[in-house]
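The structure appears below as structure tokens.
The values are calculated or read from the model by the stated rules, or taken from the named source; none is laboratory data. Just so we're clear, the structure is a prediction, and the values are computed from it rather than from any experiment. Neighbour counts run over all protein chains shown; Cβ positions are idealised from the backbone, glycine included. Keep in mind that these areas ignore ligands, DNA and RNA; they rest on the heavy atoms of the full protein, side chains included. Shrake-Rupley method; radii C 1.70, N 1.55, O 1.52, S 1.80 Å.
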Amino acid sequence: MIRVGVFGAGGRMGSTVCRAVTEAPDMELVAAVDPGAAGTAPGDVALAAEAHQLEAAGAEVAVDFTVLDAARENLRWCAEHGVHAVVGTTGFGERELAELAELFERSSANAIIAPNFAIGAVLMMRFSEMAAPFFETAEIIELHHDHKADAPSGTAARTAQRMAAASKDWADDPTTTVIAEGARGGTIEGIPIHSVRMRGMVAHQEVLLGTEGQTLSIRHDSYDRSSFMPGVLLAVRKVADTPGLTVGLDALLRF
Ligand code: NAD
């Protein structure tokens, strides 16, 4: 049995992870940490306010779905205490990921950070990267629920980075007059990203690519937070045997 602790256990994703871990036949939920929530998590585990509860409970793997500042601290705590980390919290920049890679190289613990644990989203990013060299224009529209704190989404940022790494050959933006500030979205590595926040939605993204006389749309929709759970459980199972820091789920999947 893998002994699992969850940071952010009272949140939307964290509570779903607690249920998924409790239902997994090869895992045991031993600690649930969330300073912003009181009560009990599934499996009758009391919600604790402090990270050291994970150590006291003998957690081997910590899953983090919190907010960026908390995830930063929790990752450092995991590295220092030899607890493997599986992190879904979004917003980490490239430089910070490089620093974390060094931190986990020195630690006895490993870490997997993925901006999206849904298999369909992993494939969407891969297909977008494959398509990038064949098109001159590309824009990303990401759509999320209306409680999401960060924009653009970690998935959109990662998609843009991967597409930019796959192709440098993008047409210039023709816009010379912007009437409404932000109408052309924000850009990451030169690729425009538009963030929609909409009540009723969960997590959605459409990548639009265009060239002479044709466009390609690659779309993924997570309708429910259960879509992320197989990816999270896979990472929990594999993290002990995946040295250092791994970013994204791709390395754990056989394509
Ligand atoms: P949420 O606001 O519902 O939950 C976050 C929880 O973290 C809250 O309950 C809060 O009290 C708790 N928290 C804050 N600081 C903490 C700390 N120091 N220790 C422990 N808990 C702490 O948010 P959410 O919708 O569950 O999303 C959480 C994160 O997961 C966001 O960054 C979101 O973008 C990301 N996300 C990632 C994926 C993915 O597949 N990687 C999917 C969905 C959401």
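For this structure, a couple of remarks:
- Criterion applied to GLU142, GLU129, GLU136 was being of a type in the set (Asp, Glu) and free of Cβ contacts under 8 Å to residues at least 40 places away in the same chain, and the one residue passing it is GLU129.
- Where ASN116 falls short, out of the listed (1) assigned to a helix (DSSP H, G or I); (2) out of contact with any strand residue (DSSP E or B) (no Cβ under 7 Å at 6 or more places or on another chain): (1)
- Meets criteria (aliphatic (A, V, I, L, M), farther than 19 Å from GLY88 by Cβ and in a loop (DSSP other than H, G, I, E, B)) for ALA151: no
- Listing of strands (runs of 3 or more DSSP E) fully contained in region 164-255 that carry 2 or more residues being in the same structural domain as GLU105 (by TED's automatic domain parsing) and either over 30 Å from ALA24 (Cα atoms) or aromatic (Phe, Trp, Tyr) (or both): none
- Checking ARG126 against (1) away from the ligand (no atom under 14 Å from the Cβ); (2) open to solvent by less than 30 Å² (accessible area, probe 1.4 Å), the condition it does not meet: (2)
- The set of residues in region 215-255 that are small (Gly, Ala, Ser), more than 26 Å from ARG12 (Cα to Cα) and open to solvent by less than 40 Å² (accessible area, probe 1.4 Å) contains only GLY244.
- A single member of GLU212, GLU139 is open to solvent by 30 Å² or more (accessible area, probe 1.4 Å), of a type outside the set (A, V, I, L, M, F, W, C), over 20 Å from LEU97 (Cα atoms) and touching a Leu at 6+ places or on another chain (Cβ under 8 Å), and it is GLU139.
- Some residue of region 175-192 being in contact with a strand residue (DSSP E or B) (Cβ under 6 Å, 6 or more places away or on another chain), surrounded by 14 or more Cβ atoms within 10 Å (Cβ to Cβ) and closer than 15 Å to ALA132 by Cα: yes
- Selected residue [within 24 Å of MET130 (Cβ to Cβ) and away from the ligand (no atom under 16 Å from the Cβ)] from ASP221, ASP169: ASP169
- Filter result for the condition that a residue is touching a helix residue (DSSP H, G or I) at 6+ places or on another chain (Cβ under 7 Å), at pLDDT below 95 and either charged (D, E, K, R) or not assigned by TED's automatic domain parsing to the domain that holds GLY248 (or both), over GLU50, GLU55, GLU94: GLU55
- Candidate set from region 94-123 (those that are β-branched (Val, Ile, Thr) and closer than 14 Å to ALA240 by Cα); member that is nearest to the ligand (Cβ to nearest atom): ILE113
- GLU142 being assigned to a helix (DSSP H, G or I) and of a type in the set (D, E, K, R): no
- Comparison of ASP64, ASP69, ASP44 shows that the only residue that is within 24 Å of the chain's Cα centre (by Cα) and over 21 Å from ALA235 (Cα atoms) is ASP69.
- Any hit, region 133-148, residues being at pLDDT 95 or above, β-branched (Val, Ile, Thr), in contact with a His (Cβ under 9 Å, 6 or more places away or on another chain) and not assigned by TED's automatic domain parsing to the domain that holds PHE65: yes
- Within region 156-163, none of the residues are over 16 Å from the mean Cα position of the chain (by Cα), more than 13 Å from the ligand (Cβ to nearest atom) and surrounded by fewer than 22 Cβ atoms within 10 Å (Cβ to Cβ).
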